[in-house]
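Below is one structure, written out as structure tokens; comments come after it.
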Amino acid sequence: MHRKLLKQQLENYHPSDEDEIKSKLQMLNFLDEHSDCFERSLSIGHFTGSSWLENRDGTKFLLTLHKKIGLWLQT
């Protein structure tokens, strides 16, 4: 993904509550302040993509253990 496309998508997103409004503004600010916002080498964080995978009846989910933060997250 390119920064320009991500910025456009974020600007077009309509938050559903105050938390999402804050998150949207934080992401837009981060995007504007860091030209390397997709690089894992950026020590304060980076944009990444993920997906949510579940079986047909919704009883099982695929998660992966994040090495740095030690939490189970979506892939």
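We did not get these values from a lab; they are worked out from the coordinates using the rules stated. Every value quoted in this text rests on a predicted model; they were computed, and no experiment measured them. Because the Cβ atoms are built from the backbone with ideal geometry, glycine has one as well, and the counts that use them run over all protein chains shown.
Laid out as a table, the results:
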{"quantity": "Most fluctuating residue given options His14, His46, His34, as computed from a GNM of the chain linking Cα atoms under 10 Å", "calculated": "His14"}
{"quantity": "Nearest-20 debye value, segment 3-74 charge dipole, Cβ charges on Lys, Arg, Asp, Glu", "calculated": "360 debye"}
{"quantity": "From phi via Karplus (6.51, -1.76, 1.60), per-residue ³J(HN,Hα) for segment 62-72 in Hz, x at Gly/Pro", "calculated": "9, 10, 9, 7, 6, 4, 6, 9, x, 10, 7"}
{"quantity": "Tally of Lys pairs whose C-alpha atoms are under 26 Å apart, taken over the chain, 8 or more apart or cross-chain", "calculated": "7"}
{"quantity": "Nearest-ten-degree value, helix 3-12 long axis tilted from longest Cα axis of the chain", "calculated": "80 degrees"}
{"quantity": "Fewest-first ranking of Met1, Met27, using other Cβ atoms within 10 Å as the exposure measure", "calculated": "Met1, Met27"}
{"quantity": "Trp52 paired with Phe38, simple spin-label distance in nm, labels 7 Å along Cα-to-beta-carbon", "calculated": "2.4 nm"}
{"quantity": "Karplus-derived 3J(HN,Hα), 6.51/-1.76/1.60, for each residue of segment 50-58, Hz, glycine and proline x", "calculated": "8, 9, 10, 10, 9, 6, 4, 8, x"}
{"quantity": "For segment 3-74: relative contact order, % (alpha-carbon pairs under 8 angstrom, 6 or more apart)", "calculated": "16 percent"}
{"quantity": "Residue list for segment 47-68, given a label point 7 angstrom along the Cα-to-Cβ vector of Thr75 and an amide N cut-off under 20 Å", "calculated": "48-68"}
{"quantity": "Gaussian network model of the chain, Cα within-10 Å springs - most flexible of Glu54, Glu18, Glu33", "calculated": "Glu54"}
{"quantity": "Fluctuation leader among Leu28, Leu53, Leu42 - the chain, Gaussian network, Cα springs under 10 angstrom", "calculated": "Leu53"}
